[in-house]
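Reviewing the structure listed below.
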Amino acid sequence: MKSLLAFGLFRFAQAASLLLLSAFITEAAFAQSVSYYKFTPPVIRSTETQNILFEVRVIGASTRVALDFSPAGSQPLLDLLDNGTNGDRQAEDGIYSVTLTPTQVLQGLSTDDVFRRFIGFLRLFQGTTVTSSYNIIAAIHTPEIPPVVVQELASDMQSTDYVVNIYDPAYFSATNRDDYLNNISKRLYQAFGDVYDMLDFVSVTNYIANAHHIGVKNDIQGIGQRIFDNSAARGSNGTLLGFNVFPNESLFDGAATVYIHEFGHQWIQFMQLVPFSIGIPHWPISSLASGVMGFSIPPTSQGGTYNCRLVSETGGVRLQPDDNPKTFTDFDLYMMGLVAEQEVGEHIVFDDQNDPTIRQCNGQLYTGPITRVHASDVVAAFGPRIPNVATSPKSFRVATVVISSDGLLSPEAMAFYTFFAKRAEATQALATHIGLAKGLSNPFVTATGNRANLVAALVTISPAALPDASFATAYSKLLNQSGLLGVPNWSISAGALPPGLMLDAASGVLSGAPTMPGTFHFTVRASSNNYFSEHAYSLHVGQGAPVITVTAPAPNIVGNLVSYAVTVKPEAIGSPNPTGEVQFKLNGNAIGNAISPVNGIASLTLDAPATGAYRVSVDYSGDSNYLAGSSTANTKLFVFQYSVRDDRSGDYILFNATPAARNIPRGGFYINSCGHQLPPIPARTGIGAVSGGKCTITLTHLTSTGSNSFQVILNTCRNQGVVTNGSVTNPILLLCDSDTTNNTGFCR
Ligand SMILES: [Zn+2]
């Protein structure tokens, strides 16, 4: 479904009553034509100091290709060459080139140029005969264009609040560029929500081709258009209605009549009903043609403007010139679902469309045959419009995609296209410059009499991608949106979040602790004021890292049992416990068998190792939910020997802790006998007391950093002989743990 809006970048003066809405005419009568012209860079800064490459793709053989600066004859013709020199990239490839100085491009830029300067005509020659001419328009960025924030989304995609730039050289070599747009739209939907009624495509390489509308979907009854939905092939799930294609960047301005004209082609006009059918896809020459949609110029049916107001009088129709900015007619508005059938007035269609006088809008009274048409004719032929004005959409979202051929656009170019895309939302007539036409144009809102509006701001949800999450590990990410008015409500519109995560409807915070590993696909929606944006995410939940904590064993004695304990727990409280196995290690060497924790807890009891200091650690095997890992900190185990012996006189007992284990208190103590007081010499560090038949000797730990106590409890104070290696049942409790000086000496 394609309809064309003629773009005469033509050179010839038009009949006064007939102005092409825009502006290219290729010269079919000649063998040569121009396929495109192109500036490098595509948008030229007003402060540019480097020369600018200007290239033209010529189809067919011309004897000369030259640029004729405006005004004509103001400068000598500047020849473009296809010989591989002076900037020409490749000889004899049909692309003619010349380098232009900044002055040649920028000179004389005026306000009414609206940042697009007509620099002159491109002339194709056969001998000395000019066979065809083309208007050449340069896009110029000046500091008057507000700067924008450009977000790079990928190596082939960047965006501002209003424009997505997709770098795709394949578009420019595609056999059918309009077909190729399906790839571009699908690429767009990979990063942006499926929320747009229309997509605008702008080519920065200027093809000599007309702006046009491609219908993607129609579900409107009563406008003569069939019901269809080809949105899936474009990557949309039924939201997308159509493409507006601007093959030449100079045609793209959201405030221009050509822009809203293409928009109007979504509904206008398809009616196989005389006399409307004469004008498909525009109107026949008629009062209907006075509006934005114009009439179809034979034989190509490109859109032409009809700057004429038809006033019915006795005996005929008065053709009054009317150069006011175009609006949609009441008939247009009915087709668009913006007024009721009863609000549409009578319209006049000339029966003889070939009568040249019907184009002579000079105040004449036309007395030839006419047909009067009414909205009721449409209803009679095609049924009522469904939905009608009460329920039809009144606001439309559009996304602007600028396609570039040589990499992503400069920040200035992004600002330039943002400026023009944003103008689609303008609420009053603005100065426009399309082709050679300059003047005020009504944007969509005013052209519909404030009955409908366009929203050109992109609706974006960021970030573009989410960082990975981990099982049983706290996760929090704030989602943001731009483009929606008001405070959005956040929800999941498709798919499902990883279990354990939730999206806060008010704040847009995605948080929680995942309880299932895997990759989860879901679509986030931000809604506000009946608009929404969506963004599809894939969130990978990897295995979590368990928190492994080894419980420090108390200092121990050779020959005793040591109990090692570990907890292997989720980081997030309440998450499932790890189910793998733990392996205890001393100094990195495994001890005991690997064991499975129960509820995240495991313990191992073994004989104490030989005297010494040991690092105690635990390795975790990992499981389907948790990564393998090791305890983050080692704890220390101190093992020592002691001996207790009588001095044979029964007067004292020597306590000997060996060997060099740190933290073991040093010192000897003497017990002359139970019931006796400790001798004063050597007083050393402790005193003994007898209670319940046991001697308890409390020693002060000799350290430089503090003091700790320990006890030696002997079953009998009259201990005879040597007791070693802790083999006695005498429990020794050492309450000492601070790091002290290494102490190796025999306790005196
Ligand atoms: Zn058109």
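The values are calculated or read from the model by the stated rules, or taken from the named source; none is laboratory data. A quick note: this is a predicted structure, and the numbers were derived from the prediction, not measured. Reconstructed Cβ throughout: ideal geometry from the backbone, glycine too, with neighbour counts over all protein chains shown.
Can you find even one residue in the range 171-193 that is within 16 Å of the ligand (Cβ to nearest atom) and within 21 Å of Ala232 (Cα to Cα)? Reasoning before the result, please.
Quick first cut of the range 171-193, residues within 16 Å of the ligand (Cβ to nearest atom) only: 178.
Checking the rest, the ones that are also within 21 Å of Ala232 (Cα to Cα) come to 178.
Yes, the range 171-193 contains a residue that is within 16 Å of the ligand (Cβ to nearest atom) and within 21 Å of Ala232 (Cα to Cα).
Scanning the range 159-188 for residues that are closer than 21 Å to His213 by Cβ, aliphatic (A, V, I, L, M) and modelled with pLDDT of 95 or more turns up Val163, Val164, Ile166, Ala174, Leu181, Ile184. Tell me whether the range 453-463 contains one or more residues that are assigned to a strand (DSSP E or B), within 30 Å of Ala426 (Cβ to Cβ) and over 19 Å from the mean Cα position of the chain (by Cα). So far as the range 453-463 goes, yes, one or more of its residues are assigned to a strand (DSSP E or B), within 30 Å of Ala426 (Cβ to Cβ) and over 19 Å from the mean Cα position of the chain (by Cα). Of all residues in the range 195-214, those that are in the same structural domain as Gly242 (by TED's automatic domain parsing) and under 20 Å from Thr418 (Cβ atoms) have Cβ atoms under 7 Å from Cβ atoms of residues that are within 16 Å of the ligand (Cβ to nearest atom) and at pLDDT below 95, 6 or more apart or on another chain, in Ala211/Leu5; Ala211/Phe7; Ala211/Ser22. I need the full set of residues from the range 458-489 which are farther than 30 Å from Thr579 by Cα and surrounded by fewer than 21 Cβ atoms within 10 Å (Cβ to Cβ), in order please. Those that are farther than 30 Å from Thr579 by Cα and surrounded by fewer than 21 Cβ atoms within 10 Å (Cβ to Cβ): Ser462, Pro463, Ala464, Ala465, Leu478, Leu479, Asn480, Ser482, Leu485, Gly486, Val487, Asn489. Considering (1) crowded, with 18+ Cβ neighbours inside 10 Å; (2) touching a residue at least 40 places away in the same chain (Cβ under 8 Å), the lone condition that Val445 does not fulfil carries the number (2). Exactly one residue out of Asn210, Asn218, Asn230 is closer than 21 Å to Asn176 by Cβ and surrounded by fewer than 23 Cβ atoms within 10 Å (Cβ to Cβ): that is Asn230. Of the strands (runs of 3 or more DSSP E) entirely within the range 489-600, those holding at least 2 residues that are within 30 Å of Ser236 (Cβ to Cβ) occupy 489-495, 501-503, 509-512, 518-528, 531-542.
Is it fair to say Glu144 is over 25 Å from Tyr207 (Cβ atoms), outside any strand (DSSP E or B) and within 34 Å of the chain's Cα centre (by Cα)? Taking the combined requirement at face value, the residue satisfies it. Residues in the range 606-637 that are under 30 Å from Met516 (Cβ atoms) and free of Cβ contacts under 8 Å to residues at least 40 places away in the same chain: Asp619 only. For the range 303-318, taking the residues that are more than 29 Å from Ala431 (Cβ to Cβ) and either assigned to a helix (DSSP H, G or I) or not β-branched (Val, Ile, Thr) (or both), the one that is farthest from the ligand (Cβ to nearest atom) is identified as Gly315. Across the range 339-369, the number of residues qualifying as within 12 Å of Ser287 (Cα to Cα) and in a strand (DSSP E or B) comes to 4.
Looking only at the range 439-452, which residues are aliphatic (A, V, I, L, M) and either on the phi > 0 side of the Ramachandran plot or part of a strand (DSSP E or B) (or both)? I'd like the intermediate steps shown before the answer.
Here is the first cut: in the range 439-452, the residues aliphatic (A, V, I, L, M) are 440, 445, 447, 452.
Answer for the range 439-452, where residues must be aliphatic (A, V, I, L, M) and either on the phi > 0 side of the Ramachandran plot or part of a strand (DSSP E or B) (or both): just Leu440.
Hey, any hits in the range 406-414 for a residue that's under 22 Å from the mean Cα position of the chain (by Cα), among the small types (Gly, Ala, Ser) and part of a strand (DSSP E or B)? Within the range 406-414 (the criterion being under 22 Å from the mean Cα position of the chain (by Cα), among the small types (Gly, Ala, Ser) and part of a strand (DSSP E or B)), the answer is no, since none of the residues qualifies.
Among the residues of the range 102-136, the ones that are over 29 Å from Ala31 (Cα atoms) and more than 38 Å from the chain's Cα centre (by Cα) come to 4 in all. Restricting the range 164-194 to residues that are in a loop (DSSP other than H, G, I, E, B) and surrounded by fewer than 24 Cβ atoms within 10 Å (Cβ to Cβ) leaves a set whose member that is nearest to the chain's Cα centre (by Cα) is Asp194.
Residues in the range 592-605 that are without any contact (Cβ under 8 Å) to a residue 24 or more places away in the chain and of a type outside the set (Gly, Ala, Ser): Asn593, Ile595, Val598, Asn599.
Hey, any hits in the range 329-342 for a residue that's aromatic (Phe, Trp, Tyr), more than 16 Å from the ligand (Cβ to nearest atom) and surrounded by 23 or more Cβ atoms within 10 Å (Cβ to Cβ)?
So far as the range 329-342 goes, yes, one or more of its residues are aromatic (Phe, Trp, Tyr), more than 16 Å from the ligand (Cβ to nearest atom) and surrounded by 23 or more Cβ atoms within 10 Å (Cβ to Cβ).
Sort out which residues of the range 313-328 are polar (S, T, N, Q), over 14 Å from Gln364 (Cβ atoms) and surrounded by fewer than 19 Cβ atoms within 10 Å (Cβ to Cβ), and write them in order of number.
Here is the first cut: in the range 313-328, the residues polar (S, T, N, Q) are 314, 320, 324, 327.
Those still in the list that are over 14 Å from Gln364 (Cβ atoms) too: 314, 324, 327.
Within the range 313-328, Thr314, Asn324 qualify.
Residue pairs whose Cβ atoms lie under 9 Å apart, sitting 6 or more positions apart in sequence or on different chains, and linking a residue in the range 338-366 that is of a type in the set (Phe, Trp, Tyr) to a partner that is assigned to a loop (DSSP other than H, G, I, E, B), are Phe350/Pro275; Phe350/Pro284; Phe350/Ile285; Phe350/Gly368; Phe350/Pro369; Tyr366/Asp355; Tyr366/Gln360. Within the range 28-43, identify whether any single residue is at pLDDT below 50 and within 16 Å of the ligand (Cβ to nearest atom), and answer yes or no. Within the range 28-43 (the criterion being at pLDDT below 50 and within 16 Å of the ligand (Cβ to nearest atom)), the answer is no, since none of the residues qualifies.
Scanning the range 245-302 for residues that are in a helix (DSSP H, G or I), within 22 Å of Ile220 (Cβ to Cβ), within 10 Å of the ligand (Cβ to nearest atom) and over 28 Å from the mean Cα position of the chain (by Cα) returns His261, Gly264.
Scanning the range 430-446 for residues that are within 16 Å of Phe420 (Cβ to Cβ) and of a type outside the set (A, V, I, L, M) turns up Thr432, His433, Gly435, Lys438, Ser441, Asn442, Pro443, Phe444. Every listed requirement among (1) surrounded by 24 or more Cβ atoms within 10 Å (Cβ to Cβ); (2) touching a helix residue (DSSP H, G or I) at 6+ places or on another chain (Cβ under 9 Å); (3) not small (Gly, Ala, Ser) is met by His261 save one, (2).
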